[in-house]
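Coordinate-derived values only; no laboratory data. Note that the structure is predicted; figures quoted are calculated from it, not measured. Note: ideal-geometry Cβ built from the backbone for every residue, glycine included; neighbour counts use all protein chains shown.
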Amino acid sequence: MEKIKNPWSQREGYDCFGCSPDNPLGLHMEFFEDNDEVVSHWQPQQHYQGWIDTLHGGILATLIDETAAWVVFRKLQTSGMTSKLELRYRKPVSTREPHIEVRARLAQQMRNLAVIDVRVLNSGEELCAEGKVTYFCHTAEQAQAMGFTRC
């Protein structure tokens, strides 16, 4: 696996909840490329719980959404925004897990829409959640206007 360099890490005003390493309240996600997939390894923490020792479903949704975005950045070399997010929660994720793994891949591309399949696995490699994210992809000009050059 090869680490993906964050193209916004030095940009003024960058404070993404999902991937900024400097957001004190954020998830601090990092991403790796594993063949046709983008992967993030993340350690749940108690302050992200919904119920006692259980990761909040909204945090799981954010992990899925953010990883899908990085598929667009890396595999399609553009930016964009989520237009649809479908989730299926399969198994609770304990906030005591040593790590979870989020894996995403491009499933389909139609003009300016990309469909990304995402899976969340616990440290025992059990499927805990899965998502299908439809992403509206910007043109190269739109992406550049928003500060994206390449990933």
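Here's the list of lysines a cross-link from Lys3 could span, going by alpha-carbon distance under 16 Å and ignoring same-chain residues fewer than 8 apart: Lys75. Cα-based values for segment 31-145, radius of gyration first and Dmax second, are 14.4, 46 Å.
Which whole-number percentage describes the relative contact order of the chain, with Cα contacts under 8 Å and a sequence gap of 6 or more? Before the final figure, lay out the partial values.
Values: 325 pairs, mean separation 35.4, N = 151.
Reported as a whole number, the value is 23 percent.
Within straight-line reach of Lys132, meaning a Cα separation under 16 Å, sit the following lysines at least 8 residues removed in sequence or on another chain: Lys84. Among all stretches of the chain without exposed GluC sites (Glu not before Pro) (DSSP loop, at most 13 other Cβ atoms within 10 Å), which one is longest? Excluding the exposed sites themselves, the longest stretch runs over 13-124. Between segment 95-117 and segment 57-87, the alpha-carbon centres lie 7 Å apart. Springs between Cα atoms under 10 Å define the GNM used for the chain, and in it the highest mean-square fluctuation of Lys91, Lys75, Lys132 occurs at Lys91.
For segment 1-41, the share of alpha carbon pairs falling in successive 5 Å distance bins from zero is 6, 25, 26, 22, 13, 7, 1 percent. Basic side chains Lys and Arg get +1 at the Cβ, acidic Asp and Glu get -1 at the Cβ, and with that the dipole of the chain about its Cα centre reaches some 360 debye.
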